[in-house]
Amino acid sequence: MNIKSNIKTFKKTRVILFDTFGTIVDWRSSIMRAGKKIANRKNIRNIDWDSFARSWRAGYHPGMLQVQSRERPWVSIDTIHREQLDKILSSFQIDQLFTESEKTEINLLWHKLDPWPDSIPGLTRIKQKFLIGPLSNGSLILLASMAKRASIPWDFILSSDTFKAYKKDAKVYLGAIHLIGIKPSEILMVAAHNDDLKAARSHGMRTAFINRAYEYGVDQTKDFNAEEKWDLIADGIEDLATALGC
């Protein structure tokens, strides 16, 4: 990586937006660890919690697609997560072991995801030079709760709730540009997902790809590497901070 040229290229960058699930936080390992703790408390045996986490996440995109296609009115990601939770508790044949109150608490695990080890130190460095915040499909309360618990140093939060839309809907990116009130070229979108960056770039934002090749584990079928010539490609948030001269 040519750090000098990157510093020059991004001299006019003022705001950096981050995808969150998979880019900043490790949702799969977080849900897997939490599931194992629940299993110990409830004396549940023979559950593959990695598979449980991946199955839960698998309902994320179909649930959002129903909203995006206008098949159903707007619902937050917390509702989508809960609907999928009910399905997988049944498919893993453990739904009868939990009360409704306990299921509500389990659904809040998405509010308590752990960052990747490089995320907090990298964001802390980047924050010294730029305004930073998530541009995420997470709900506002999810993103705020996650940040508070894990000390994620956001300056502001842009949630799907803000725009009543999910990425890759143009309303999310254009809405962010409008709210921030600066030129799109002064905004850098950071993500571990090529399609997110493609959408951001189509609206004039700069782009940075973060390598998270094991986000989905054995279910991962894409985003093993940068699929286009993004403005920056980094092996983590600290690597990104170095490339940005932070």
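The values are calculated or read from the model by the stated rules, or taken from the named source; none is laboratory data. Just so you know, these numbers come straight off a predicted model, no measurement behind them. Positions of Cβ are backbone-derived with ideal geometry, glycine not excepted, and every protein chain shown enters the neighbour counts.
Identify the residue in segment 213-230 that is part of a loop (DSSP other than H, G, I, E, B) and hydrophobic (A, V, I, L, M, F, W, C) and, among all such residues, is farthest from the chain's Cα centre (by Cα).
Here the answer is Trp230.
Search segment 171-200 for residues that are within 19 Å of Gly22 (Cα to Cα) and pair each with any residue that is of a type in the set (S, T, N, Q) and outside any helix (DSSP H, G or I) when their beta-carbon atoms are under 6 Å apart and the residues are at least 6 apart or on different chains.
Leu188/Thr13; Met189/Thr207; Ala191/Thr23; Ala192/Thr23; Leu197/Thr207; Ala200/Thr207
Among the listed residues Arg82, Arg54, identify the single one that is touching a Gly at 6+ places or on another chain (Cβ under 7 Å), in a helix (DSSP H, G or I) and either surrounded by 14 or more Cβ atoms within 10 Å (Cβ to Cβ) or not acidic (Asp, Glu) (or both).
Arg54
Of all residues in segment 89-103, which are at negative phi and either at pLDDT 95 or above or not in a helix (DSSP H, G or I) (or both)?
Across segment 89-103, the qualifying residues are Phe92, Ile94, Phe98, Thr99.
For segment 57-79, how many residues meet the condition of being under 22 Å from Ala144 (Cβ atoms), over 18 Å from the mean Cα position of the chain (by Cα) and either modelled with pLDDT under 95 or crowded, with 18+ Cβ neighbours inside 10 Å (or both)?
1
So Leu113 clears everything in (1) crowded, with 17+ Cβ neighbours inside 10 Å; (2) in contact (Cβ under 8 Å) with a residue 24 or more places away in the chain; (3) part of a helix (DSSP H, G or I) except one condition, right? Which one?
Going through (1) crowded, with 17+ Cβ neighbours inside 10 Å; (2) in contact (Cβ under 8 Å) with a residue 24 or more places away in the chain; (3) part of a helix (DSSP H, G or I) one by one, Leu113 breaks only (3).
Please determine whether any residue of segment 125-137 is within 22 Å of Arg54 (Cα to Cα) and not acidic (Asp, Glu).
Checking segment 125-137: at least one residue is within 22 Å of Arg54 (Cα to Cα) and not acidic (Asp, Glu).
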